[in-house]
Amino acid sequence: MEQNQLIIMTQKEARRYEIIKKLLTKKIDGTEAAKALNLSVRHVKRLKKRIAKQGIKGAIHGNRGKISNRKLDPKITEKAKKLLRKIYHDFNPLLAQEHLRDDNQIDFSKETVRNLMITEGLWDAKKRGMAKAKRQWRERKANYGEMDQFDGSYHNWFEGRNEKEVGIEQCLLLSVDDATGKPTKAVFAPNEGVLAVLQFWKEYGEEHGIPISIYLDRFSTYKVNHKNAVDNKELMTQFERAMQQLDVRIIHANSPQAKGRVEKMNGTFQRRLVKEMRLAKINTITQANIFLKEVFIPKFNKQFAVEPRKKADLHRALSDKQVKELDSIMSVHSERCIQNDYTVRFKSNYYQLEEIQPTTVYKKDKVTIEERLNGDIKLQIKGKYLNYFQLPDRPKKEINIKLPLLTVHKSKAHTPPPNHPWKRAYMYRRTSNLINAIK
């Protein structure tokens, strides 16, 4: 019956059988057979022995017809497909593979998951297209803390959940270390405005220290883009002024591709973070910022960060002087003139300077107003903070007050009239305290 048995062979196996048959009949030697089959002499000896013993069947691979040791368990495969359809339908294969492994103990390779997703219609197998023009990839900096790339990314991070509270789009402020590719800090902020950015870098300095340089775009928060700035190099934004005080070098990119690492990281976060927050049922900015700091970024860095070429950390710890002045540095500075009645007007509010000051103050002096991140207003002149109180409404106009200056000692040269704010300050404060007590 064996003579009538049909044996199916590939062309490769048939050729092997013919060559080994010649070797068995001594028409060729082992070396010539090895050259003809492009195999080692040792392997040819194994084939010769097997075919001599089994005949034509010896040329066929021994595992033909057997179940592969690598065949996936049909039950586990079906479970994986169900999870992919129900939960991970819009994940990319790598992220889906990670969650199947970590959350469901299904340890498939990325390629296996990719093929399952293609089979289920959840992933499109992209055809290789024409090669795109490539930019030269700039070599990474050598040290951690040598340069951070920074950007803000507006996106529907919460996928429409809790839209009344968080809005349709949210802004993620993100910094990425150039040497390691680590996201060093990420925070959801109201916008990419100056207050949010200053708050970001204030917290960054307290957590990590100050980097040597920051690479960012030419958004108006970071650079004065007015045409006059071309001729007047001294024009700078609040952010540039703050970084100058901290001795941080600012580098402005001429294109998004120039700061490609943070741009690419924004895309990665938009693919990964959105889905991770969905799985973790995070619906508020506060929850998201905690999740970023304590869960997402540590896990992300552990998986994707690279080793820098050099081991030194070039972040500079804040000095005692910088720590003391940090609230002042990371505030919005504006300049105003002291009026004849020693008031300062700022954003429709009126601030009355008190008669006793830590330094000599004259009418028409320029005073620096600091809008602190916590909402406080500070008035500074000659490195000293002035004593003042806010007036409830616009003061009556006084052409000129005879008092020539305010200083550390009370002057006897001028007695303010009864209706002057200095006279009313005590009563105003007392009334305010009573109203607050009643509330």
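When the trypsin sites (Lys or Arg not before Pro) in the stretch 167-219 are filtered for DSSP coil states and for at most 14 other beta-carbon atoms within 10 Å of their beta-carbon, the remaining sites are ARG218.
What the phi angles of the stretch 256-262 give under the Karplus curve with 6.51, -1.76 and 1.60, with θ = phi - 60°, is a coupling list of x, 5, 5, 9, x, 5, 6 Hz, glycine and proline written as x. Extension gain, LEU24-ASP103: 0.36 nm per intervening residue step, less the Cα-Cα distance, totals 22.7 nm.
Output the 0 to 90 degree angle, nearest 10, between the alpha-carbon long axis of helix 194-208 and the longest principal axis computed from the alpha carbons of the chain. Between helix and principal axis, roughly 70 degrees.
Per DSSP H run of n ≥ 4, the term is -39500 (n - 2.57); total these for the chain, divide by its residue number, and report the mean residue ellipticity at 222 nm rounded to 500 deg cm²/dmol. The partial results should precede the final answer.
Values: 14 runs with 161 residues, N = 439.
About -11000 deg cm²/dmol.
Would you tally the net charge around THR360, using a Cβ to Cβ cut-off of less than 12 Å, leaving THR360 out, and scoring K and R as +1, D and E as -1?
Values: positive: LYS363, LYS382, LYS384; negative: ASP365.
Around THR360, the charge tally is +2.
When the Cα positions of SER334, GLY205, ASN115 are compared along the charge dipole of the chain, ASN115 comes out farthest toward the positive end, with charges on each C-beta of Lys, Arg, Asp and Glu. The fraction of Cα-Cα pairs per 5 angstrom bin, counted from 0 for the stretch 147-202, comes to 4, 20, 24, 21, 17, 9, 3, 1 percent, rounded to whole percents.
Rounded to the nearest angstrom and listed largest first, the equivalent-ellipsoid semi-axes of the chain from its Cα gyration tensor are 76, 25, 17.
Quick one: putting +1 on the C-beta of Lys and Arg, -1 on the C-beta of Asp and Glu, what dipole do you get for the chain around its Cα centre, in Debye to the nearest 20? Kindly include the intermediate steps, with their values, before the conclusion.
On the way: 87 positive and 52 negative charges, 542 e Å.
So the magnitude is around 2600 debye.
For the chain, the longest principal axis of the alpha carbon atoms and the long axis of helix 11-24 meet at an angle near 50°. Considering every Cα-Cα pair within the stretch 158-306, what fraction, in whole percent, is farther apart than 26 Å? Result for the distance tail: 30 percent. Considering only VAL248, VAL408, VAL166, the Gaussian network model of the chain with Cα springs below 10 Å gives its largest mean-square fluctuation to VAL408.
At q = 0.15, 0.18, 0.20, 0.25 Å⁻¹ the log10 of I(q)/I(0) for the stretch 249-320 amounts to -0.78, -0.99, -1.07, -1.15, computed by Debye summation with a single uniform scatterer per C-alpha, solvent ignored. Helix 320-329 axis versus longest C-alpha principal axis of the chain: approximately 80°, rounded to the nearest ten.
For the peptides 44-57, 141-154, the ranking by packing is 141-154, 44-57, with the highest mean count of neighbouring Cβ atoms within 10 Å listed first.
Mean separation of Cα pairs under 8 Å and 6 or more residues apart, divided by the residue count, gives the stretch 74-119 a relative contact order of 38 percent.
Read-outs: derived from the displayed coordinates by stated rules, not from any lab. Bear in mind the structure is a predicted one, so any value in this text is a computation, not a measurement. Methodologically, a virtual Cβ is constructed for each residue, glycine included, from the backbone with ideal geometry; neighbour enumeration extends over all protein chains shown.
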